[in-house]
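Okay, structure first, notes after.
A short reminder: the numbers here are calculations on the coordinates, not readings from a lab. Values in this document were obtained by computation on a predicted structure and should not be read as measured data. Cβ sites come from the backbone with ideal geometry, for glycine too, and all protein chains shown count toward neighbours.
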Amino acid sequence: MDKEIVIGKIVAPHGVRGDIRIMPLTDRPEQFLNLTYLLLEDGRQLTVKAARFHKRMVLVSTKEITNMNEAELLRDKKILIRSEDLPPLEEGRFYVADLVGLPVFDEQGKQLGTFKDSITTGSNDVYIVAVPDGKDLLIPALKIYVREINLPEKRIVVKLPEWTDEA
């Protein structure tokens, strides 16, 4: 797959030497420590010289950005990663970007809609299923409700929670 996924956002310069402060927008912020490049949303690629954590943020110095003024111009830019550069996941775990657009079926085989997004909550994620002629369905990302995610066959099978009025 040749997707690009947002993993962070530049929030400010850090110091006068062009370091940038990045807010991680990923479940795996430690991946910033292993990046060799920063891919910006405008298509530019910056070469990473060093990265470290500081107060929930990642501080990164790059070859191309050498002073505070250059770093300031990057404020609010999103940091992307190519899907092929993502770390592998353990069995049964998936990247949301791989699920977006997959058809979602109930246990009887009726298509309910398509996977739209995932919301991270305090206890478990919630999957958003776009329904063609109605409100989006919200399905807890728990094994009791998400029966199957099959990437090769491009399908997700769910059991609807009892509080949904979709049948």
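Using Cα-Cα distances under 8 Å and only pairs 6 or more residues apart, what relative contact order does the chain have, in percent?
The normalised contact order for the chain reaches 18 percent.
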- Message: Calculate the FRET efficiency for T36 and V100 from the Cβ-Cβ distance with a Förster distance of 30 Å, rounded to the nearest 0.05.
- Response: 0.70
- Note on the structure: Mean separation of Cα contacts under 8 Å (at least 6 apart) over the residue count of region 96-158, i.e. the relative contact order in percent, is 30
- Item | Residues in region 65-90 that a label on R44 would reach, taking backbone N under 16 Å of a point 7 Å out along Cα→Cβ | 65-80
- Message: Take E107 and L151, extend 7 Å from each Cα along the Cα→Cβ direction, and tell me the distance between the two endpoints in nm.
- Response: 2.7
- Checking E107, E91, E41 against a Gaussian network model of the chain (alpha-carbon springs below 10 Å), the top fluctuating residue turns out to be E91
- Task: Within region 67-167, report the trypsin sites (Lys or Arg not before Pro) that DSSP leaves as loop and that have at most 11 other Cβ atoms within 10 Å.
- Result: R93, K110, K135, K143, K154
- Query: Which whole-number percent is the relative contact order of region 4-85 (Cα, under 8 Å, 6+ apart)?
  - Reply: 43
- Item | Shape metrics for region 96-158, restricted to C-alpha atoms - Rg then Dmax, Å | 10.8, 31
- Lys/Arg Cβ at +1, Asp/Glu Cβ at -1, dipole of the chain taken about the Cα centre: which of H14, Q31, A97 is farthest positive-ward? H14
- Message: Cut-off 10 angstrom, C-alpha nodes, Gaussian network model of the chain. Which of L40, L102, L89 fluctuates the most?
- Response: L89
- Query: Taking the Cα centre of the chain as the origin, how large is its charge dipole in debye, to the nearest 20, when only Lys and Arg (+1) and Asp and Glu (-1) carry charge on their Cβ atoms?
  - Reply: 740
- Task: Quick one: give the max-minus-min coordinate of the C-alpha atoms of the chain along each principal axis, largest first, in Å.
- Result: 60, 28, 27
- Query: Once fully extended, how much extra length lies between S83 and E162, figured as 0.36 nm per residue of separation less the alpha-carbon to alpha-carbon distance?
  - Reply: 24.9 nm
- Message: Restricting to DSSP H runs of at least four residues, report the calculated mean residue ellipticity at 222 nm for the chain, -39500 (n - 2.57) per run over all residues, nearest 500 deg cm²/dmol.
- Response: -1000 deg cm²/dmol
